[in-house]
Amino acid sequence: MKSLCLVTVGVLAMTLLIASISLLVAHVFQTVVDLQVKQGTVLKNGTETFEAWEDPPPPVYMQFYFFNVTNPLEVLQGATPLVEEIGPYTYR
């Protein structure tokens, strides 16, 4: 009985130790990430963020094409679909 209590206390102590170390590491990691984000987002002359803000990269355009089935009832009966291209719809 005494050895069972010792094993139980040992397992419980190890579990608490692992949980507290995990929480400590998570807190330190979050602090480091927050610090890096704060340092990286400052608009100050000479920083990479300032240069990207001052001279933004060329705009990105996304184009989408859609296809409209012009004979849906015939397709349901086994015919080959006839499609009509619609687009491009361009977004910036």
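We did not get these values from a lab; they are worked out from the coordinates using the rules stated. Remember, it's a predicted structure, so these values are computed and weren't measured experimentally. In this analysis, Cβ positions are derived from the backbone assuming ideal geometry, glycine residues included, and neighbour counts consider all displayed protein chains.
Between 0 and 90 degrees, rounded to the nearest ten: what's the tilt of helix 2-40 against the longest Cα principal axis of the chain?
The helix 2-40 is inclined about 50 degrees to the chain.
Just how large is the dipole of the chain about the Cα centre, in debye to the nearest 20, putting +1 at every Lys and Arg Cβ and -1 at every Asp and Glu Cβ?
The dipole of the chain has a size of about 760 debye.
List the residues, sorted by chain then number, that are 5 or more residues from Asn71 or on another chain and whose placed amide H is less than 5 Å from its amide H.
Distant-sequence amide H within range of Asn71: Leu82.
So what's the back-of-envelope 222 nm ellipticity for the chain, counting only DSSP H runs of four-plus at -39500 (n - 2.57) apiece and dividing by all residues, rounded to 500?
The per-residue figure over the chain is -18500 deg cm²/dmol.
Output the direction-averaged projected area (hull surface divided by four) of the convex hull of the alpha-carbon atoms of the chain, in nm².
Quarter of the Cα hull surface area: 16.5 nm².
Determine the gain in length on full extension of the stretch Cys5-Phe67; use 0.36 nm per residue of separation and subtract their C-alpha separation, reporting nm with one decimal.
Taking 0.36 nm per residue and subtracting the Cα distance, the gain is 15.2 nm.
Positive end of the charge dipole of the chain (Lys, Arg +1 and Asp, Glu -1 on Cβ, about the Cα centre): tell me which of Thr41, Val7, Gln30 has its Cα farthest that way.
Val7
Put +1 on the Cβ of every Lys and Arg and -1 on every Asp and Glu Cβ in the chain; which of Asn68, Pro88, Pro58 then has its Cα farthest towards the positive end of the dipole?
Value: Pro58.
State, as an integer percentage, the relative contact order of region 32-92 based on alpha-carbon contacts under 8 Å between residues 6 or more apart.
Values: 55 pairs, mean separation 17.9, N = 61.
This gives 29 percent for region 32-92.
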